[in-house]
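K.L.:
Right, I'll just put the structure down here and ask away after.
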Amino acid sequence: MAKTSTINHPSGRFSDTMLRISKWRERHIKEKTFVVVLALLVGIIGGFAALALKGLIFLISSTLTGNLNVTSGQLLYIVYPAVGVLITLLYVRFVVRDNISHGVTRVLYAISQNKSRLKRHNMFTSLCASSVTIGFGGSVGAEGPIVFTGAAIGSQVGQWFRMSPRVLMILVGCGAAAGIAGIFKAPIAGMLFTLEVLMIDLTTVSVMPLLVASITGAVTAYVFTGYNAEFYFVQTEPFLTSRIPYTILLGIFCGLTSLYFTRVMNMMENMFRSVTNIWLRFAIGAVILSGLVYLFPPLYGEGYDAIISLLSGNTEDIFDGSIFYSERSSALFIILFILAVTVTKAFATSATNGAGGVGGTFAPSLFVGCMAGFFFAYSLNTIFGLDLSVKNFALMGMAGVMSGVMHAPLMGIFLTAELTGGYTLFLPLLIVSALSYLTIKFFEPYSIYAMRLAQRGELITHHKDKAVLTLLKIDNVIETDFLSVRPHMDLREMVSVISRSSRNLFPVLDDNGKLLGVVILDEIRNIMFRTDLYRRIKVETFMSSPPAEIDVKSTMEHVMKVFDDTGAWNLPVVDNGVYIGFVSKSKIFNSYRRVLRHYSED
């Protein structure tokens, strides 16, 4: 059978072409300059991806709900979300055949554990799945999927041109920044997202590509959708210094709301994970989601219509399509309705994802923040006769809850300001965001995206030492050139093994390869030349226990902690007790220095 030439295969031709381009680039264009060019390309593609996602969501949602009666409850709100999640579940299970949920967490994992490499299908599968989920009423956001999509675009572009892992990390950040900037028309927030949430360091190498990609993504959105802010907001009441005490209280309230949102999301996610049958998970999630959307229509989709209604002062509009429409003029009922929507949003979001939908927690945190800020001001006005601006406090609540949930106060401030054009409220936005972040930080050290990776030691942070240890892999520092011995061997056989070894350390193994102890050359030097003991002394009599054993699945941060605790220079690595090799402190230090120089290179 004749061989098929690689050059005739489409993927082979593409690979050869990219190889030739890469070699030409290496000869003629400096890497720093080329990274900026790639950032521009990633920004454009990421901007178009954001436009495509927003357009698909709007097309599906407007088609389904454009002609619904707003003056009464709608039974279709029970049907639509469940159908959307079911379509998404079938698409992911039988077409994608890969887990594409929790996009931001997966980007963080790729950066810290997979050399910033994301799969090619991630450039479009999350976009397709989330548009169906959200368009049909799934109570999640499009921002997580667009971050996943943008990051995958950056990763693939970098891989096409055979860029190093350090550059791939920057391009992943560029893609995420372009996605956020494009979907929100918020270039500053897009860049801050990569710094605070993805925790990519802002260095002289990364600053320009991130800026270029973020600005390009936003400009792409501006060209096709205009320069209007995402949410219409006009400040009709000035912010007075006498309102600062209430702003401080709002910041603490937003921090506690963020904590509630995070804890409920985790609780519900754990509950759904415990249900092993996917169809039972779908049934449970669909019932919760559809029931909540029917009772509280603002939970339908991203909830941006409800945010616009509150920011524009049209409070009664949030009752559109609700069974409680006739109560829309009652101040007490408005308070109860807003409270119910705020409390149940986390359940609706987690039910959407738990049932099989694809979406993020970005938009839900904005939604909860807006509702929480409005509830705070409206309740105080109603109960105590105050005159707080509910619009201003709703806007500040958006920044506060986002800052708390994401652990990203700067992004919360600038995103809220860019979304609404509300820069005149910059001081209160600063106060609320900072206090919300400090409040939740007291209870939760990591963001909703990062906490699980942090618990497993798989999260890169701005802490340089921890970041380098996270990038190091124990597999790369295990040394296996140690000669092993058996416990029943005598001293003569031990000396024979020593004569063939270049090491002064010998693992003692049983017949199944399990580690029983170690022999240290210095500890037997005084007897190893006494020939009268050669037949009388066995290895088991002079072997010793190692100071500690390292599990092959351990993180490098844990390994270094064990070295510090024991004071050892070499420690054995085992897998369920079976000997693998040794790790040495000196080799780890050499690898640490190499990785530090590589990823910090400016």
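The values are calculated or read from the model by the stated rules, or taken from the named source; none is laboratory data. Please read these numbers as outputs of a predicted model, since none were measured by experiment. With ideal geometry, Cβ positions are generated from the backbone for all residues, glycine too; neighbour counts draw on all protein chains shown. Ligands, DNA and RNA are stripped out before the accessible areas are found, and what is left, the full protein with its side chains, is counted by its heavy atoms. Shrake-Rupley method; radii C 1.70, N 1.55, O 1.52, S 1.80 Å.
K.L.:
If ligands, DNA and RNA are left out, what is the accessible area of Trp160 with a 1.4 Å probe, given in Å² to the nearest 10?
P.N.:
70 Å²
K.L.:
So which lysines pass the test for Lys514, namely a Cα distance under 28 Å, with those fewer than 8 places away in the same chain ruled out?
P.N.:
Lys473, Lys538, Lys553, Lys561, Lys585, Lys587
K.L.:
Check the straight Cα-Cα distances from Lys115 and name the aspartates and glutamates below 17 Å, setting aside those fewer than 8 residues away within the same chain.
P.N.:
Asp201, Glu458, Asp475, Glu601
K.L.:
Which order do you get for Cys370, Cys128 if you rank them by accessible area with a 1.4 Å probe, largest at the top? List each step's numbers first, then the result.
P.N.:
Numbers: Cys370 0, Cys128 55 Å².
Descending accessible area places them as Cys128, Cys370.
K.L.:
Say the dipole of the chain comes from +1 at the beta carbon of Lys and Arg and -1 at that of Asp and Glu; which of Thr17, Leu336, Ala176 then lies farthest toward its positive end?
P.N.:
Going by the charge dipole, the pick is Thr17.
K.L.:
With a 1.4 Å probe and every protein chain left in place, tell me how much accessible area Arg106 has, in Å² to the nearest 10.
P.N.:
Answer for Arg106: close to 80 Å² accessible.
K.L.:
Using only the Cα atoms of the stretch 127-171, each taken as one equal point scatterer with no solvent, compute I(q) by the Debye sum, divide by I(0), and report log10 of the ratio at q = 0.16, 0.20 Å⁻¹.
P.N.:
Values, matching the q order: -0.51, -0.63.
K.L.:
Sticking with this one: For Tyr232, Tyr592, give the ranking by accessible area with the largest first, probe 1.4 Å.
P.N.:
Most to least solvent-accessible, the answer reads Tyr232, Tyr592.
K.L.:
Right, another one. Could you work out how much longer the chain between Phe333 and Leu256 gets when fully extended? Use 0.36 nm per residue separation minus the Cα distance between them, nm to one decimal. Walk me through the intermediate numbers first.
P.N.:
Numbers: separation 77, 0.36 × 77 = 27.72 nm, distance 2.33 nm.
Between Phe333 and Leu256, full extension yields 25.4 nm more.
K.L.:
Let me ask something else about it. How much net charge surrounds Ala142 when only other residues with a Cβ under 9 Å from its Cβ are counted (Lys, Arg +1; Asp, Glu -1)?
P.N.:
Counting the neighbours of Ala142, the net charge comes to -1.
K.L.:
Quick check: the angle from helix 207-225's long axis to the longest principal axis of the chain, C-alpha only, nearest 10 degrees?
P.N.:
Value to nearest ten degrees: 30.
K.L.:
Note down, for the stretch 193-259, the three equivalent ellipsoid semi-axes (square root of 5 times each alpha carbon gyration tensor eigenvalue), biggest first, whole angstrom.
P.N.:
That gives 32, 22, 12 Å for the three semi-axes.
K.L.:
Please report, as a whole percent, how much of the solvent-accessible surface of the stretch 303-383 comes from carbon and sulfur atoms (probe radius 1.4 Å).
P.N.:
60 percent
K.L.:
Once fully extended, how much extra length lies between Arg525 and Ser554, figured as 0.36 nm per residue of separation less the alpha-carbon to alpha-carbon distance?
P.N.:
Length gained, Arg525 through Ser554: 7.1 nm.
K.L.:
Accessible area per residue for the chain in Å², computed with a 1.4 Å probe and the full protein assembly in place, what is it?
P.N.:
Here the per-residue accessible area is 43 Å².
K.L.:
To the nearest 10 square angstrom, what accessible area does Asp320 show with a 1.4 Å probe?
P.N.:
Roll a 1.4 Å probe over it and Asp320 shows about 50 Å².
K.L.:
A follow-up question, please. Once fully extended, how much extra length lies between Val578 and Val95, figured as 0.36 nm per residue of separation less the alpha-carbon to alpha-carbon distance?
P.N.:
169.9 nm
K.L.:
Report, in whole Å, the centroid distance computed from the Cα atoms of the stretch 131-148 and the stretch 281-340.
P.N.:
Going from one Cα centre to the other spans 18 Å.
K.L.:
Step through the residues of the stretch 232-249 one at a time and calculate ³J(HN,Hα) from phi using the Karplus curve (6.51 cos²θ - 1.76 cosθ + 1.60, θ = phi - 60°), rounding each to whole Hz and writing x for Gly and Pro.
P.N.:
6, 8, 10, 6, 9, 10, x, 8, 9, 5, 5, 8, 4, x, 5, 5, 4, 4
K.L.:
Excluding Met169 itself, calculate the net charge of residues whose Cβ lies under 11 Å from the Cβ of Met169, where each Lys or Arg counts +1 and each Asp or Glu counts -1.
P.N.:
With Lys, Arg at +1 and Asp, Glu at -1, the net is +2.
K.L.:
Distance between the C-alpha centers of the stretch 26-70 and the stretch 95-109? Whole Å please.
P.N.:
Using only Cα atoms to place each centre, the spacing works out to 18 Å.
K.L.:
For the stretch 206-339, what value does the Rg/Rh ratio take when both radii are computed over Cα atoms and Rh is the Kirkwood radius, given to two decimals?
P.N.:
1.05
K.L.:
Follow-up question, since we're still on this one. Which angle between 0 and 90 degrees, to the nearest 10, do you get for helix 390-406 versus the longest principal axis of the chain when only C-alpha atoms count?
P.N.:
10 degrees
K.L.:
Would you please give the FRET efficiency between Ser501 and Ser326, computed as 1/(1 + (r/R0)^6) with r the Cβ-Cβ distance and R0 = 60 Å, to the nearest 0.05?
P.N.:
That gives a FRET efficiency of 0.10.
K.L.:
With runs of 4+ DSSP H residues as the only contributors, calculate the mean residue ellipticity of the chain at 222 nm using -39,500 (n - 2.57) per run, divided by the residue total and rounded to the nearest 500.
P.N.:
My calculation for the chain gives -20000 deg cm²/dmol from helical runs alone.
K.L.:
Next question. Counting only protein heavy atoms and a 1.4 Å probe, tell me what percentage of the stretch 514-590's accessible area is made up of carbon and sulfur. Intermediate results must be reported in sequence, preceding the final value.
P.N.:
Values: 2150 of 4270 Å².
Carbon and sulfur: 50 percent of the exposed surface of the stretch 514-590.
K.L.:
Have a look at Ser322, Val35, Gly47 and report the one farthest towards the positive end of the charge dipole of the chain, computed about the Cα centre with Cβ charges (Lys/Arg +1, Asp/Glu -1).
P.N.:
Value computed over the given set: Val35.
K.L.:
In Å, what Kirkwood hydrodynamic radius results for the stretch 495-602 from the alpha-carbon pair distances?
P.N.:
15.8 Å
K.L.:
Among the lysines, select those whose C-alpha is under 17 Å from the C-alpha of Lys185, and discard any that sit fewer than 8 residues away in the same chain.
P.N.:
Within the straight-line limit of under 17 Å, Lys185 reaches these lysines: Lys54.
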